[in-house]
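See below for the structure under consideration.
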Amino acid sequence: MVTRTRAGRALFIPSSNGPSANSRGRHELQDRGIQMIVFSNPGEIDVLSISTFGVSVKEGDTPIGFFGTGLKYAIAVLLRNKHAITIYSGKQIVDFSVSTEVVRGKSFDFVQMSVDMGNPQPIGFTTELGRQWEMWMAYREIACNCKDEGGAVENMSDWPDPEAGTTKIIVKGAEFDQVYAQSSFYILEDRPTQTFGGIEVRSRSGNAFYYRGVRVQEFDKPCLFTYNDLASLELTEDRTVKNQWEPAYRVARGWLQASDELMLREVITAGDSHMEGNLDFHGWGVAPSQAFLKVVGDCLSDRLLRVNKTAMKVWHEATQKPFSPREIPLTRVQQMSVERALDFCQKLGFQIRGAYPIKFVESLGEGGLGLAKDETIFIAEAVLNMGGTKQLASTLIEEYIHLRHGWKDMT
């Protein structure tokens with residue numbers, strides 16, 4: 001039943017008799033044999049909450065969403081892309097459509113809602129809502145709501161029956177079907193390989209970060225593994241991570257507590273082209289596991305491996321073992337190259353000569369050119385073999401700045 005207030009606002013009042021036979025029959029005749037995605041969960045959604053912003057009442061103990069506006073975004077996205085959506089609240093049937101209106105010379109599609117075959121009424125937003133949302137975001141939103149309420153999703157070809165005490169959301173559209181077919185990319189469905197420090201790790205590459213099984217962020221670089229955070233994490237209204245730095249921080253804390261030595265070795269020796277190769281393990285107040293310390297120590301003994309510098313720092317502080325890479329003697333030509341580089345640094349305003357001891361070593365691991373450690377600048381022999389004063393000077397300047405100002409890499 002639909003009534004209108006004096007101010008003209010539509011109010012949707014649940015029908016006491018449930019849907020009419022005509023209402024159900026219309027859907028079954030129109031959609032018989034058409035594929036549809038059906039989300040079902042216990043409890044009946046309050047129809048008023050569909051048309052009202054700022055209402056969120058989740059029955060689960062650990063809801064992924066908090067704001068209650070996501071369903072409206074999803075409805076707008078679906079209608080904007082010519083999809084159909086129907087909601088069953090118990091035995092009450094809610095349909096959605098659009099009505100085009102012109103505002104200041106521009107056309108807008110206003111979202112309308114009808115209850116049990118009643119007249120469609122505008123519900124206060126247009127299909128412009130969630131303009132930046134993609135179809136997978138609409139799927140994720142509805143699926144998350146269903147997950148929050150302990151529900152399930154399936155692909156059906158016959159129109160489902162309304163049930164008392166149950167909410168069903170039925171979506172029809174080819175693009176939505178495609179997203180459903182790839183749903184495991186947006187919502188995790190398989191078991192993790194390992195779990196440590198509140199982080200699930202799956203042995204497959206990717207660049208997505210998941211929170212309680214739901215994709216909430218993409219890393220700038222590809223990952224060796226797939227990560228799912230089980231702890232509490234603050235999200236924005238569109239279910240993305242509020243603090244963009246937090247996923248990498250949580251992954252690093254997790255690896256500090258890891259026990260799988262093979263996986264740890266991959267992470268600690270990862271190159272800069274992967275997210276793991278840029279993790280900062282130092283300074284998070286987490287005691288490293290014995291496996292973490294063992295793997296770092298083993299990797300340091302293999303001088304051909306690249307070892308994460310912050311992992312090295314954690315290892316040295318935890319074990320109190322000195323850093324002692326094998327030093328090399330410089331040839332006369334190499335010594336002349338070093339002097340030219342130091343002169344060049346001085347011209348640029350960096351008085352490096354005499355500021356700190358400079359040691360040239362056989363290797364700092366794969367890809368390692370320089371290291372600032374124990375008030376000493378370490379330069380790998382590979383830098384000398386690259387040729388050119390500027391390369392050596394830039395490495396000296398970088399490590400000098402680390403010691404002088406305490407700056408970390410990539411700052």
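Nothing in this text is a laboratory measurement; each read-out follows from the coordinates by a stated rule. These numbers were taken from a predicted model, which means no experiment stands behind them. Cβ: placed from backbone, ideal geometry, glycine included. Neighbour counts: every protein chain shown.
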Original post:
Going by how many other beta carbons lie within 10 Å of each one, how would you line up 373, 359, fewest first?
Top reply: 359, 373
Original post:
Of the beta bridges DSSP finds with both residues in the chain, what % are antiparallel, to the nearest 5?
Top reply: 90
Original post:
Which FRET efficiency, nearest 0.05, do residue 232 and residue 332 yield, Cβ-Cβ r, R0 51 Å?
Top reply: 0.25
**OP:** In nm, give the distance between the simple-model label positions of residue 398 and residue 359, each being 7 Å from the Cα along the Cα-to-Cβ direction.
**Re:** 2.0
Original post:
Quick one: Cα centre-to-centre distance for region 252-286 and region 207-234, in angstrom?
Top reply: 15
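Where does the chain land on Rg/Rh, using Cα atoms and the Kirkwood Rh?
Rounded to two decimals, Rg over Rh is 1.17.
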Subject >> Ellipticity estimate at 222 nm from DSSP helix runs (n ≥ 4, -39,500 (n - 2.57)) divided over the chain, nearest 500 >> reply: -9500 deg cm²/dmol
Original post:
On a 0 to 90 degree scale, rounded to 10, what angle separates helix 70-80 from the longest Cα axis of the chain?
Top reply: 70
Subject >> the chain: angle of helix 135-148 to the longest principal axis, Cα-based, in degrees nearest 10 >> reply: 80
Original post:
Counting only Cα, what are the radius of gyration and maximum Cα-Cα distance Dmax of region 350-399, in Å?
Top reply: 10.2, 29
Original post:
So for region 211-268, what are the equivalent ellipsoid semi-axes in whole Å, largest first, each being the square root of 5 times an eigenvalue of the Cα gyration tensor?
Top reply: 23, 12, 10
Subject >> Alpha carbon convex hull of region 241-298, projected area averaged over orientations, nm² >> reply: 4.2
**OP:** Work out the FRET efficiency for residue 405 and residue 203 from their Cβ-Cβ distance, taking R0 = 45 Å, and round it to the nearest 0.05.
**Re:** 0.70
Original post:
Roughly what angle does helix 290-301 make with the longest principal axis of the chain, taking Cα atoms, 0 to 90 degrees, to the nearest 10?
Top reply: 40
Original post:
On the first, second and third principal axes, largest extent first, how far apart are the outermost C-alpha atoms of region 284-411 in Å?
Top reply: 45, 29, 21
**OP:** Find me the longest stretch of the chain that has none of the exposed GluC sites (Glu not before Pro), where exposed means in a DSSP loop (not H, G, I, E or B) with at most 15 other Cβ atoms within 10 Å.
**Re:** 238-361
**OP:** Given a cut-off of 22 Å, name the pairs among 242/309; 294/373; 72/147; 147/168; 82/168; 347/390 whose C-alpha atoms lie farther apart than that in the structure shown.
**Re:** 242/309
**OP:** Based on other C-beta atoms within 10 Å, arrange 315, 159, 284 from fewest to most.
**Re:** 284, 159, 315
Subject >> Percent of alpha-carbon pairs separated by more than 18 Å within region 92-164 >> reply: 61
Subject >> Normalised alpha carbon radius of gyration of region 112-224 [divisor 2.2 N^0.38 Å] >> reply: 1.32
Original post:
R0 = 60 Å: FRET efficiency of residue 183 with residue 302, Cβ-based, nearest 0.05?
Top reply: 0.90
